[in-house]
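Participant: Before we start, here is the structure in question, set down as structure tokens.
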Amino acid sequence: MIMEQLRSQKGLALVLVLILLGTGGLIMGPALRQTSTALNFFGISRENAEVAYALDAVTQQALWLLESSDPFEECDSGKPGDETFAECVGFYGSWDLATADLLAPAPTPNASLIDAVNGQQVIVTVEVPGDLGAPPAPTPTPTDPNEACFYAWVSRDPTWVQVDEPIDYTLHIWNCSSSPSQKSLRHVAVITSVQMIYEAGSAGGSLVSPPDEPDVGNCQAPVQSTELALCPGYPANSLLLSWPTAATPYGDEAGTQPVVQMAGGEPYPEKTLTFQLTPQSWGIFYIDILFCYFSEDNPCKSGSSQKTGKVAPIVSGMFNINGTGKGNAFGASAKLDNGGADLISEQPQ
């Protein structure tokens, strides 16, 4: 009896062993694959973290360079005097901070080689936002010889400035009528951001002689009522410059000819109007220009004026910072305000 019970238990044990082996065979493969995946993920995560730390470290180095007032010896813009890193980036448009291995066999002209962080190969680019290249002078379109056709293109220098640094603007103006006859330009207005201030005494150029200072106001109370047509899309306190002043009309000193006479026809002789504006904060700034003619009492009336639209962008104290390394990407923006740099946004890409 006892021997039969033992033989029965041995048979049961064999069945249990077979069940365990079968079950283990089903789950062992996926379990091992999960373990391998977890180990691989940990390795990838660790590598990504090291690249992210390296990008952050080099970005902080870029920010430190942007706020530094020390000369940046690697910059060779040809301008007189020592330039800071920020001024160098403003001159070239962009500058790279990169590990030597990443730029092998030779670095780009606008690059500085740095030591690798965590042994990672990364590159961080500091650049001026947007395309600030000066546009070419447009070709005037011939019009009805009996009509006036005033046109302008705008040059400015520099295209990137520190906050509180003045910009030199030049309006190149001509009568683009196909007729060589004289046409009367009676009024010019410039509108821009309230963050800009006009530098008193900076007006010049060949438009009038002696140079005429503008009326300085805003869109809320313009000198010419129809200058309101220039202001849609701008806050009411936007800076508005008006030539000539209300007290001094265009023309000779006696005021007997209250216009500027401009000949049309090729080669389209031009006149210039120059002035300085200074940004009071960081940002990208444009100007709009309005030309008015014909009517002496209301030179900007409908059908007697033309606009350039927003032109001549300049950047004040502001940069984009982008970095890459082994598949990772990093984006940020930096501003220079009151002599300091501050990271205002930071987003992995």
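Quick note: the coordinates plus some simple rules give every number you see, no bench work behind them. Small disclaimer: the values here were computed from a predicted structure and weren't measured. Using ideal geometry, Cβ is built from the backbone for each residue, glycine included, and neighbour counts are taken over all protein chains shown.
Participant: Compute the length gained on full extension between SER206 and ASN218: take 0.36 nm times their separation in residues and subtract their Cα-Cα distance, giving the result in nm to one decimal. Please list the in-between numbers first.
Facilitator: Details: separation 12, 0.36 × 12 = 4.32 nm, distance 2.54 nm.
Using 0.36 nm per residue and subtracting the Cα-Cα distance, I get 1.8 nm.
Participant: Report the label-to-label distance for ASP115 and ASP131 in nanometres (one decimal), using points 7 Å from each Cα along the Cα→Cβ vector.
Facilitator: So the two model labels end up 4.1 nm from each other.
Participant: Here's another thing I want to ask about it. How many nm is it between the label spots at GLU67 and SER94, if each spot is 7 Å from the Cα in line with the beta carbon?
Facilitator: For GLU67 paired with SER94, the spin-label model returns 2.5 nm.
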